[in-house]
Structures are given as structure tokens and as C-alpha cells.
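Engineer: I'd like to ask you about the structure that follows.
A short reminder: the numbers here are calculations on the coordinates, not readings from a lab. Predicted, not measured: the structure shown is a model, and the values here were computed from it. Quick reminder, even Gly has a Cβ in these numbers, built from the backbone with ideal geometry, and neighbours come from all protein chains shown.
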Ligand SMILES: [Zn+2]
Ligand SMILES: [Zn+2]
């Protein structure tokens with residue numbers, strides 16, 4: 001009655017390359033850092049690595065640089081995804097995102113026409129309007145999730161990746177910046193804002209004409225470029241390159 | 001636990017929350033910092049369940065005014081109309097745009113409620129040491145973590161309406177008091193999902209297995 005069904009389900013989820021770590025042999029795995037805070041040399045690289053699943057703590061042994069998507073043998077969490085030329089690709093995409101971001105913030109976003117009156121808005125008008133109405137917290141939440149978080153993500157990617165690409169050495173405080181980039185990621189909600197625009201268009205459709213501006217289109221493109229830039233980022237590669245002990 | 005396999009904790013290892021480096025811990029009570037990235041180490045998220053319960057409670061309390069109070073106040077030619085989240089959904093449904101009604105209902109009413117219920121269920125299942133379908137419960141957790149952000153849709157609709165509809169005496173839209181409560185519910189449930197540690201689901205199963213004679 002107390003038996004879990006973990007063993008029976010291993011084959012259903014596991015890629016043949018991923019194996020659970022046998023209790024005894026794990027102590028020989030080269031990737032386990034046994035120095036505990038003594039800031040020794042980084043472990044020598046091998047073609048296999050042992051990784052604890054972030055969702056269930058199971059030790060998985062997986063091939064490094066595999067081209068497959070590797071899942072945890074026990075709970076199915078994503079452990080590894082193939083990201084070739086990660087640094088070049090995410091830098092190029094982040095640059096494209098930055099250009100689109102600048103366009104989105106400098107041109108009219110939506111224009112409303114009603115009985116000869118034109119009401120033009122930019123991306124920030126809503127934020128300013130909420131602030132004027134005294135809803136400061138709400139205004140800050142919208143500013144953070146739709147403007148600041150994506151901006152911090154893009155600038156953070158530049159700050160961490162550019163020195164790695166051209167000098168091979170990490171920038172000062174690159175670890176702190178990269179941690180910020182990863183922590184702020186769930187708070188960037190531009191794609192949800194886009195759905196919000198669609199709903200608002202339908203809601204106002206019966207009372208006025210709404211014309212989307214240049215910004216609205218560049219914003220739509222920005223969302224896809226931003227997602228692509230972020231999914232090409234390879235955290236495990238970057239943590240290896242940013243290692244404090246190097 | 002299957003005796004052939006092991007978790008990091010069973011072997012006295014910890015994996016860094018930020019960079020995933022596996023580290024041997026000699027003193028699990030004060031593990032210190034990760035040698036690779038400098039993050040504070042912990043085997044499980046500290047005080048996970050206490051934090052989740054506190055945040056769930058706060059979210060439930062705020063969920064009530066978020067749904068009762070008006071979220072938009074529309075003035076058309078001097079006539080004021082107050083809309084709650086639900087009356088907005090009903091308006092869309094009656095005017096024939098049922099897709100939009102469905103989007104708003106799912107994002108603003110169903111998702112926050114379902115997310116709270118799932119977090120309550122997961123926390124209770126850990127506290128009552130459930131061994132039932134741990135893999136599905138972990139998947140449920142991952143789902144909760146990823147869908148919560150979609151509830152922000154209504155806040156963005158409001159932001160856009162407030163910016164666009166400023167036609168003086170003809171029509172203006174103002175944000176109602178429910179908006180800040182609703183945004184708080186979304187933000188707090190995101191923190192609650194982040195505070196929950198899915199490894200607790202599996203710890204129960206390993207401890208049960210370890211307590212039994214092998215074979
Ligand atoms: Zn797992
Ligand atoms: Zn670390």
C-alpha cells in the first residue's frame with residue numbers, strides 16, 4: 001500500500017540515455033563537488049554528468065551535450081535541452097528584441113477615434129494614467145511586468161554574454177546579474193499584455209474605432225523574439241563559464 | 001524508495017538552487033554557500049510549508065474583495081456604471097463575444113481559484129504524508145507554477161481601457177478598488193507557488209520506504 005509507482009513508470013518517461021544513479025557508484029561521480037566551500041578547482045569535465053532533479057531530488061546520470069530532450073527518470077522534470085551556439089543566438093535575438101523594444105516605446109500604440117476626437121496612447125500611457133488615479137501599486141506592477149522586467153532581462157543578457165563572447169572572461173558581478181535575469185523571468189508578462197490588448201479591442205469595438213499603431217505590431221514581434229532569446233540561453237553552460245573558482 | 005537509486009539528500013549531497021551544482025554537505029544544518037555561484041545552499045526550500053500557508057491565507061482574504069468590489073467604473077454622458085470581474089464576463093457573454101467571456105472567466109476567476117485549491121491540496125497532501133501518485137502531483141505543481149501569470153490579463157485590459165477611454169464628458173473609464181486586490185492575489189499566489197518545494201512530495205515516499213524492511 002505504501003509502495004510508490006516510481007519504478008514501474010521509469011520506462012514511460014526516460015530517454016534511454018538517462019539513468020538513475022545507483023546508490024554505491026555515485027560517490028565516484030566526477031561532477032559531485034566534495035570541496036564544500038573551499039573554493040578549489042572546478043571538477044574535471046567528463047562526458048557524463050550527475051544532476052539532482054530540481055523537482056524530486058532524484059540523482060540522474062545524463063550525457064553532456066546530448067541533442068535529445070532529457071527528462072528526470074522519476075518525475076519527468078525537464079533536465080536538459082539541446083541549445084547549439086547558445087551564446088551567439090541569444091545575443092543576436094536579445095539585440096533584435098532591444099531594437100523592437102525601443103520602437104514599441106517610442107511610437108503610438110493604439111489610437112481611439114470617436115466623434116472626431118482622437119485619443120492616442122503609447123505603451124506607458126496606461127501606467128501614467130493609473131498613477132494619476134492614485135493606484136500607485138497597480139501602476140508599478142504594470143510598469144515592472146511589461147516594461148522593466150523585459151528591459152532588465154535584455155540588458156542583463158548583454159552584460160553577461162558580451163564579455164564572455166569577446167574576451168572569454170566574465171564581467172564583474174556577472175553572477176549577480178545573471179541570477180537577477182533568471183529570477184525576474186517569471187515577472188515579464190508581455191505576452192499576457194498582448195492578450196489584454198485583444199480583449200480591450202473587443203470591449204471597445206462597439207463604442208469607438210481603435211487603430212493599432214506601429215508600436216502594437218513591433219510589440220507583437222518583440223514577444224516572440226524575447227521568448228526565443230530566452231529559450232536559447234543555456235544556464236548550465238553559463239554557470240560553468242561564470243564559475244567563481246576559475 | 002527503490003534501493004538501486006538514490007536522491008541527493010540520501011547521499012548527503014545538496015544541489016544549488018541557482019546553478020544546480022551538486023555539493024557534498026558535511027554539516028546539513030549550516031551548509032553555507034555554493035562554491036560555484038555563491039548562492040546560499042539549502043537541501044529544501046526553507047520553511048516551505050509555513051510560507052505557502054501564510055501566502056495562501058493572504059490570497060484567500062484578498063480574493064473576496066477582488067471579486068465583490070468593482071474593477072472598472074465607466075462614466076458615459078454622466079451616467080456611472082460599476083463593473084465587477086464577473087459582471088464583465090456576463091457582459092461579454094450577453095453581447096455575443098463568448099470567446100472573450102471565456103478568456104476573462106478562465107484567466108480571472110477560474111485560474112486564481114484553481115491555483116489556490118491546488119496549492120492547498122498539495123500542502124495538505126505533504127502534511128498528511130500522502131503517497132498517492134507523486135508523479136502526477138509534481139506535474140500538477142508544475143502546471144500551477146506556469147499558468148498563474150495568465151491571470152494578469154484583466155489588469156492589462158484595465159490599463160489599456162484607462163489609457164484609451166478619456167473622452168471627457170462623453171466617456172471615461174476609471175480603475176475600481178478591486179483592481180489592486182486582484183493584482184495582489186495574482187502576485188501573492190505566484191510567490192506561494194514559488195515557495196512550495198515539490199521535493200517534499202517525494203521525501204514522504206522515501207521516508208516511508210526507508211522505514212520498511214527491504215525486499
Ligand atoms: Zn525528478
Ligand atoms: Zn550555485
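Engineer: Determine, from the Cβ-Cβ distance of residue B:40 and residue B:90 and an R0 of 41 Å, the FRET efficiency 1/(1 + (r/R0)^6), rounded to the nearest 0.05. Each step should come with its number before you reach the end.
Structural biologist: Values: r = 49 Å, r/R0 = 1.19.
E(calc), rounded to 0.05, equals 0.25.
Engineer: Same structure again: Please give the helix B:199-210 orientation as an angle from the longest Cα principal axis of chain B, in degrees from 0 to 90, rounded to the nearest 10.
Structural biologist: Taking Cα atoms only, the helix is inclined about 30 degrees.
Engineer: Segment B:151-166 to segment B:35-64: how many Å between their Cα centroids?
Structural biologist: Spelled out, the Cα-based centre of one part sits 30 Å from the other.
Engineer: What's the exposure ranking of B:7, A:167, going from fewest to most Cβ atoms within 10 Å?
Structural biologist: Details: B:7 24, A:167 9.
Starting with the residue having the fewest Cβ neighbours, the order is A:167, B:7.
Engineer: Between segment A:186-210 and segment B:134-149, what is the C-alpha centre distance in whole Å?
Structural biologist: If you average the Cα positions of each part, the centres end up 27 Å apart.
Engineer: For a footprinting-style exposure proxy, rank B:197, B:136 by other Cβ within 10 Å, fewest first.
Structural biologist: Numbers: B:197 24, B:136 13.
In increasing order of surrounding Cβ atoms, one gets B:136, B:197.
Engineer: Considering all alpha-carbon pairs of the protein assembly as shown, what whole percent are spaced by more than 32 angstrom?
Structural biologist: Numbers: 50206 of 106030 pairs.
Value for the protein assembly as shown (Cα pairs over 32 Å): 47 percent.
Engineer: Compute the distribution of all C-alpha to C-alpha distances in segment A:162-235, in bins of 5 Å from 0, and list the percent of pairs in each, rounded to whole numbers.
Structural biologist: Pair shares across the bins are 3, 12, 16, 18, 14, 12, 9, 7, 5, 3, 2, 0.
Engineer: Compute the helix-to-body angle for B:178-195: its Cα long axis versus the longest principal axis of chain B, expressed 0 to 90° and rounded to tens.
Structural biologist: 10 degrees
Engineer: Now for a different question. Divide by every residue of chain B the summed helix terms, -39500 (n - 2.57) for each DSSP H run of at least 4, and state the resulting mean residue ellipticity at 222 nm, rounded to the nearest 500 deg cm²/dmol. Provide the component values of the computation, followed by the final result.
Structural biologist: Details: 8 runs with 111 residues, N = 215.
About -16500 deg cm²/dmol.
Engineer: Which ordering of A:173, B:16 is given by a fewest-first count of other beta-carbon atoms within 10 Å?
Structural biologist: On the way: A:173 12, B:16 23.
The most exposed by this proxy come first: A:173, B:16.
Engineer: Over segment B:44-210, what portion of Cα pair distances is larger than 22 Å, expressed as a whole percent?
Structural biologist: Details: 6957 of 13861 pairs.
Value for segment B:44-210 (Cα pairs over 22 Å): 50 percent.
Engineer: Now for a different question. Taking each residue in A:127-133, count the Cβ atoms of any other chain within 10 Å of its Cβ, then average. What number comes out? Mind showing how you got there, number by number?
Structural biologist: Details: counts 3, 2, 11, 9, 0, 1, 4.
Average neighbour count from other chains, rounded to a whole number: 4.
Engineer: Okay, moving on. So if the hydrodynamic radius of segment B:7-115 is defined as the Kirkwood radius over C-alpha pairs, what does Stokes-Einstein give as its diffusion coefficient at 37 °C and 0.692 mPa s, in µm² per second?
Structural biologist: Values: Rh = 18.3 Å.
Result for D is 179 µm²/s.
Engineer: Sort A:78-87, A:186-195 by the packing proxy (mean of other Cβ within 10 Å over each peptide's residues), most packed first. Don't skip to the end; give the middle numbers.
Structural biologist: Working: A:78-87: 16.2, A:186-195: 20.1.
Per-residue Cβ counts within 10 Å, averaged per peptide and sorted highest first, yield A:186-195, A:78-87.
Engineer: Quick check: the angle from helix B:153-164's long axis to the longest principal axis of chain B, C-alpha only, nearest 10 degrees?
Structural biologist: So the helix axis and the longest Cα principal axis differ by about 30 degrees.
Engineer: Given the Cα atoms of segment A:86-242, and with Rh set as the inverse mean 1/r over their pairs in the Kirkwood sense, what is Rg to Rh to two decimals? Could the numbers behind the result be given before it?
Structural biologist: Numbers: Rg = 18.0 Å, Rh = 17.0 Å.
Rounded to two decimals, Rg over Rh is 1.06.
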